[in-house]
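Asks: Once you've had a glance at the structure underneath, I'll fire off some questions.
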C-alpha cells in the first residue's frame, strides 16, 4: 500500500493564478509540432517500406535471372597419366 | 449535466475532430476544474500546470478516438488527468500528496451537523492519512469534485459498484471514528 501525505491549505488556488497557466495558443503550437513530427515519422516509415520492397524486388529478380541462364558446359579435363617411373628414371608418356 | 449540454459538447467534439482549433472552447470550459483536480493531488503549481497542459494535449491528440460512453466529456478529461498524476508519482517514486482546501473540509463537516473544532480536523487528517490511495481518490472525486458514481467508475477505470463500495467503506470508518452523520450521497 502506498503512503499518502495529507495537507490542508487555507485557500483555494485563485482563478487569477490558474489563468496565468491557461494558454491555448501554446497548446496548439505544441500540438502542431506533434502533428508535424508524426507526419514526418509516417513519411519516413513509408519511404523505408518502399525502399525495402524495391530492394526485395531487385534481389528476387537477380535470383531469377541467375536461375534462367543455363549453367556453362563442363570443361573436358585433360588427364595426363604418368607411367610408373622406369628403371632408368625417365618418365614416359603413354 | 443536462442532455442538451451533453449534445452541445458532443457537437464541439465532432468539430474538434476536423479542426483542432474548435477544441479551444472545451479547453476554456474545463481548464480550471482540471487544474484544481490535479493541484489537489500534487500541491505544486508549476508541476500542476505541466500536467494540466499534458492532459489537454493528450485529449487533443486522441480526440478522434473519443466515443460517448454515457458520461460527460469532462469525465474523459478527469480520467486522462488522473492517469497523468499516477504516471508522475510512478516516475518520481514519491508519496502521494492530497492537498485539501480547509474551506471545503469545513463545509463537509458542517454538512454532517458537527461543530467546527480544530481537534476534529486534526483527527480527520490522521484518519485520511491511514486510508489507501484508491479510497482517497474516490473520496476526492465524490466530495471535492461532486462526481456521481458512474463518472467516478469511468475516471478511475473501476466498476460502479467498486466505486460505491470504496466510498461506503471509507465513510463507515469515518462514522465509527468520529460519530459523524455523513450522507452517502452529498447531492441528496
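The values are calculated or read from the model by the stated rules, or taken from the named source; none is laboratory data. All of these numbers come straight from a predicted model, not from anything done at the bench. Every residue, glycine among them, receives a Cβ derived from its backbone with ideal geometry; neighbour counts consider all protein chains shown.
Asks: Restricting attention to segment B:30-49, and to residues there that are surrounded by 22 or more Cβ atoms within 10 Å (Cβ to Cβ) and facing chain A (nearest Cβ under 7 Å), which single residue is nearest to residue B:90 (Cα to Cα)?
Replies: Here the answer is B:39.
Per-residue answers, yes or no, for (1) at pLDDT 90 or above; (2) at positive phi; (3) assigned to a helix (DSSP H, G or I); (4) within 20 Å of the chain's Cα centre (by Cα):
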{"site": "A:18", "(1), (2), (3), (4)": "yes, no, yes, no"}
{"site": "A:22", "(1), (2), (3), (4)": "yes, no, no, no"}
{"site": "A:31", "(1), (2), (3), (4)": "yes, no, yes, no"}
{"site": "A:36", "(1), (2), (3), (4)": "yes, no, yes, no"}
{"site": "A:62", "(1), (2), (3), (4)": "yes, no, yes, no"}
{"site": "A:71", "(1), (2), (3), (4)": "no, no, no, no"}
{"site": "A:74", "(1), (2), (3), (4)": "no, no, no, no"}
{"site": "A:79", "(1), (2), (3), (4)": "no, no, no, no"}
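Asks: Identify all residues within segment B:105-142 that are in contact (Cβ under 8 Å) with a residue 40 or more places away in the chain, over 23 Å from residue B:162 (Cβ atoms) and surrounded by 13 or more Cβ atoms within 10 Å (Cβ to Cβ); write none if there are none.
Replies: Those that are in contact (Cβ under 8 Å) with a residue 40 or more places away in the chain, over 23 Å from residue B:162 (Cβ atoms) and surrounded by 13 or more Cβ atoms within 10 Å (Cβ to Cβ): B:109, B:111, B:112, B:114, B:120, B:123, B:124.
Asks: Another question about this same structure. State all residues of segment B:82-125 that are within 14 Å of the chain's Cα centre (by Cα) and away from chain A (no Cβ under 14 Å); if no residue qualifies, say none.
Replies: B:82, B:83, B:84, listed by residue number.
Asks: Could you tell me which numbered condition residue A:14 fails, if it satisfies all but one of (1) more than 7 Å from every other protein chain (Cβ to nearest Cβ); (2) at pLDDT below 95; (3) within 47 Å of the chain's Cα centre (by Cα)?
Replies: (3)
Asks: Within segment A:24-67, can you find the residues that are more than 8 Å from every other protein chain (Cβ to nearest Cβ), surrounded by 10 or more Cβ atoms within 10 Å (Cβ to Cβ) and within 19 Å of residue B:31 (Cβ to Cβ)?
Replies: A:29
Asks: Report yes if residue B:82 is out of contact with any strand residue (DSSP E or B) (no Cβ under 6 Å at 6 or more places or on another chain) and surrounded by fewer than 17 Cβ atoms within 10 Å (Cβ to Cβ), otherwise no. Reasoning before the result, please.
Replies: Numbers: out of contact with any strand residue (DSSP E or B) (no Cβ under 6 Å at 6 or more places or on another chain): yes; surrounded by fewer than 17 Cβ atoms within 10 Å (Cβ to Cβ): no.
Here the answer is no, as residue B:82 does not meet what is asked.
Asks: So, of the residues in segment B:5-18 that are free of Cβ contacts under 8 Å to residues at least 40 places away in the same chain and either within 11 Å of chain A (Cβ to nearest Cβ) or in contact with a helix residue (DSSP H, G or I) (Cβ under 6 Å, 6 or more places away or on another chain) (or both), which turns out to be farthest from residue B:97 (Cα to Cα)?
Replies: B:15
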